[in-house]
1. For region A:1-110, restrict the atom set to alpha-carbon positions and state the Rg and Dmax in Å.
2. What share of the DSSP beta bridges in the protein assembly as shown is antiparallel, in percent to the nearest 5?
3. Would you mind telling me the share, in percent, of accessible area of region A:4-112 contributed by carbon and sulfur at probe 1.4 angstrom?
4. For A:Q76 and A:N53, what does the FRET efficiency come to when R0 = 22 Å and r is the distance between their Cβ atoms, rounded to the nearest 0.05?
5. Which percent of Cα-Cα pairs in chain B sits in each 10 Å bin, short to long?
6. Antiparallel DSSP bridges in region A:4-112: what percent, to the nearest 5?
7. Per residue, how big is the convex hull around the C-alpha atoms of region B:7-75? Give it to me in cubic angstrom, could you?
8. So with the 1.4 Å probe, I'd like the accessible area per residue for region A:12-113, rounded to whole Å².
Amino acid sequence: GESVGLHLPTLSVQEGDNSIINCAYSNSASDYFIWYKQESGKGPQFIIDIRSNMDKRQGQRVTVLLNKTVKHLSLQIAATQPGDSAVYFCAETPANTGNQFYFGTGTSLTVIP
Amino acid sequence: EAGVAQSPRYKIIEKRQSVAFWCNPISGHATLYWYQQILGQGPKLLIQFQNNGVVDDSQLPKDRFSAERLKGVDSTLKIQPAKLEDSAVYLCASSFVAGGPGELFFGEGSRLTVL
């Protein structure tokens, strides 16, 4: 299978600070990436996606950065809130695999009030 | 719009017993996935269906796991006989893929505990 890894398994931030979650991927053929948020006891929930022809995409309080040169993806969360506490996964799908996604290990984000 | 439905939410069985999980994807989604998520790990793809055909089942332990998607809608995942290491959350996801990659929509998962 593919290897999609995260640099840090846990991250604690103060409420109101910005959070940065990193992800390394191994397949240079991957052309679509998604960040998912998973709360305890629930299924993963879509946060933001980015295609390989872009290097940055912004959503509401979230930004994804893609560096294809070093095969690195990051998720930035602005003004982190207690509701952001969850496990965050990056997922990649290589081109021509019929939408087949591979997930990283995940980073557990804890927001300290 | 209704989401991906899964049942049962929780199941506890003894090793060597069998179990089946059911999934109903979002209406109109042609692609259906089963993922296994062991505690503390990311989801691992077991099998991917496109309509009622299998796209990839390379990571499905076929000696004990089976899955089907009759009529290209609902799907069942069966484990027989179960082993202790099968304890995990089984996630079903679906996607509508027409002309390019697209987001996976996940169900809440079925948590299996094998004793």
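The values are calculated or read from the model by the stated rules, or taken from the named source; none is laboratory data. Everything numeric here is computed off the predicted structure, so don't read it as measured data. Cβ placement follows ideal geometry from the backbone for every residue including glycine, while neighbour counts extend to all protein chains displayed. Heads up: the accessible areas ignore ligands, DNA and RNA and are worked out on the full protein's heavy atoms, side chains in. Shrake-Rupley method; radii C 1.70, N 1.55, O 1.52, S 1.80 Å.
1. Just the Cα atoms of region A:1-110 yield Rg and Dmax of 13.2, 41 Å.
2. Roughly 90 percent of the DSSP beta bridges within the protein assembly as shown come out antiparallel.
3. The computed percentage sits at 46.
4. Working: r = 20 Å, r/R0 = 0.91.
Efficiency, rounded to the nearest 0.05: 0.65.
5. Taking all Cα pairs of chain B, the binned fractions are 15, 50, 29, 6, 0 percent.
6. Numbers: 36 of 41 bridges.
DSSP beta bridges in region A:4-112 are roughly 90 percent antiparallel.
7. Working: hull volume 7.6 nm³, N = 69.
Here the figure is 110 Å³ per residue.
8. Numbers: 4570 Å² over 102 residues.
Spelled out: the 1.4 Å probe surface of region A:12-113, per residue, equals 45 Å².
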